[in-house]
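To start, the structure itself, in structure tokens.
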Amino acid sequence: MAPPNVTHLTNRILHHPDVEYAWRPWPTYELSAWIRDELLVSEDATPNERALLDKLGWKKTSSVLSKKGKVALPARVPGVKDIEIWTPKDPGNFAMVERVMAELLPMGKEPLVSPNHLLVPCNYGCYCPAYAPFVLAPQPNRAAKMENFVRTESPVHVVVIDTGYIKKAPLEVRRDLGGFDNYRGEVWNGNAWVLSQEDDSYTLAGGVLELLDGHGTFTAGEIAERCPRAKVTVVGIREVESAATEASVAREIFRWAAEADVIVPVFAFHELGGLSNWTFTNILPQLKETSVVVCPAGNESSRAKHYPAALQWPDYPVVGVGSFKSMSPSSVTLSDFTNYGDWVFGYTGGERVPGLYFKLNTKVEDGPDKKLPYQGWASWSGTSFAAPKVAAYLANRAAAGSTARNAAAYMKANAPQFPMTPPNIAGVGASVGLDLRQYAR
């Protein structure tokens, strides 16, 4: 059963013919969604798993690490396992994803087969981002910081995997100095790996901005503002109604893993049936020994694990970040929208974060029913705006002579703990979290 309030963006995605989904019951209304005619299969899946897939009408079509795309991929390092893409042999006669997973589960272990999960914004009436962006006056001091790139012999490289980039003056100045770049990532269109669509500003009827428009530019600006010695690269992936799939995110992490010091994939996937995620673990060995992945915990007010954030440190070099509300130093409260639990690495401010946006007088999907006079800046809320703050801290530590991974280990060992009461959900016991504010503001 769906929650009482579902955003227009979520409805558009869930009603797409390629998408299947499932809601968990009240009070959490956790949402899983996936591509209806795609399965992800690990390279080391068992013969029995493969035989069952064949029996249920599926075949291998491609893989996440296939070199048959528009962008050259690096050579695999030892330990990386490919992620195969399977599709129906006969589009009119195949067992649906839910049935395939149900038949695999009794085989004695968690299967190395997974839906190709899709990031769908919201459950519990929340947005992803948590709210439509608020109008903010121009921020000349922030713009000047974003423009500033201090060239060094070996600059720290931060790669943001998000919706893409829309040309903005502060980042274009930084580009001219060698401290910014952007690329279109690759997405699987059901038959081939193709370049993602551009992140444009008029994708809905009447010139209304999609809620996710400008997200990548906003995130990149956050990091550029805080990291004068970091080269920031934005990689855009937009698929079903501008949402992204697990396969495409994994491909882009792999593509940049050996080059970047910090990778920020701004996605949080909820797994069908709560199974552990293996897809991202397959490609994480590609990371440099000094690198980390920093990602949002997600905005569903949920205790359920969301990936890749839920891959646990130190087994995996992944830092999952949740969000605080605005508070005094002595008062700690989680944001209403943030995901939470012992799988979240730590928390910092993710509400009303200021950043780059459009210069338009426009309506925004799921925002107020009126045009808003954006002046090139906005304040936006969500765990995807908390994560870049942590990424920036780690990048700065790497630029100062440490490594991003060592800096993350330091945070884990030294950040203070705080008692946290889960947001919105009555009757669930409190636990503790790491307060990352002193490192990531």
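A short reminder: the numbers here are calculations on the coordinates, not readings from a lab. Small disclaimer: the values here were computed from a predicted structure and weren't measured. Glycine also receives a Cβ, built like all others from the backbone with ideal geometry; neighbour counts cover every protein chain displayed.
Too long at a 23 Å Cα-Cα cut-off: which of K67/K389; K81/K288; K68/K305; K145/K167; K167/K305; K168/K389? Flagged as over cut-off: K67/K389; K68/K305; K167/K305.
In region 66-105, the alpha-carbon atoms span a convex hull of 114 Å³ per residue. Candidate cross-link partners of K70 among the aspartates and glutamates, defined by an alpha-carbon separation under 17 Å and a same-chain spacing of 8 or more, comprise E186, E198, E239, E252. What whole-number distance in Å separates the alpha-carbon centres of region 230-278 and region 57-126? Centre-to-centre (Cα) distance: 15 Å. The aspartates and glutamates within cross-link reach of K89, meaning a Cα-to-Cα straight distance under 14 Å and a gap of 8 or more places when in the same chain, are D37, E38, D54.
In a DSSP loop and with at most 13 other Cβ atoms within 10 Å, there are no chymotrypsin sites (Phe, Trp or Tyr not before Pro) in region 58-96.
Helical content alone sets the calculated 222 nm signal of the chain at -6500 deg cm²/dmol, taking -39,500 (n - 2.57) per DSSP H segment of four or more residues and averaging over every residue. Listed by chain and number, the lysines whose alpha-carbon sits under 18 Å from that of K363, ignoring those within fewer than 8 places in the same chain, are K371.
If I take every Cα pair under 8 Å that is 6 or more residues apart in region 49-152, average their sequence separation and divide by the length, what percent do I get for the relative contact order? So the answer I get is 25 percent.
Which entry is the computed volume of the Cα convex hull per residue in Å³ for this structure: (i) 211; (ii) 170; (iii) 142? Of the listed options (i) 211; (ii) 170; (iii) 142, (iii) comes from this structure.
Each residue in H270, H15 was given a count of other beta-carbon atoms within 10 angstrom of its own, and listing them fewest first yields H15, H270.
Quick one: pull the percentage of alpha-carbon pairs in region 1-148 with a separation above 22 Å. Before the final figure, lay out each step's value.
Working: 6238 of 10878 pairs.
In whole percent, the long-distance tail amounts to 57.
Loop-located chymotrypsin sites (Phe, Trp or Tyr not before Pro) in region 151-253 (DSSP state not H, G, I, E or B) with no more than 15 neighbouring Cβ atoms inside 10 Å: Y202. 3J(HN,Hα) along region 12-24: 4, 5, 5, 8, 5, x, 8, 10, 10, 7, 8, 9, 7 Hz, from the Karplus curve 6.51 cos²θ - 1.76 cosθ + 1.60 with θ = phi - 60°, whole Hz, x for Gly and Pro.
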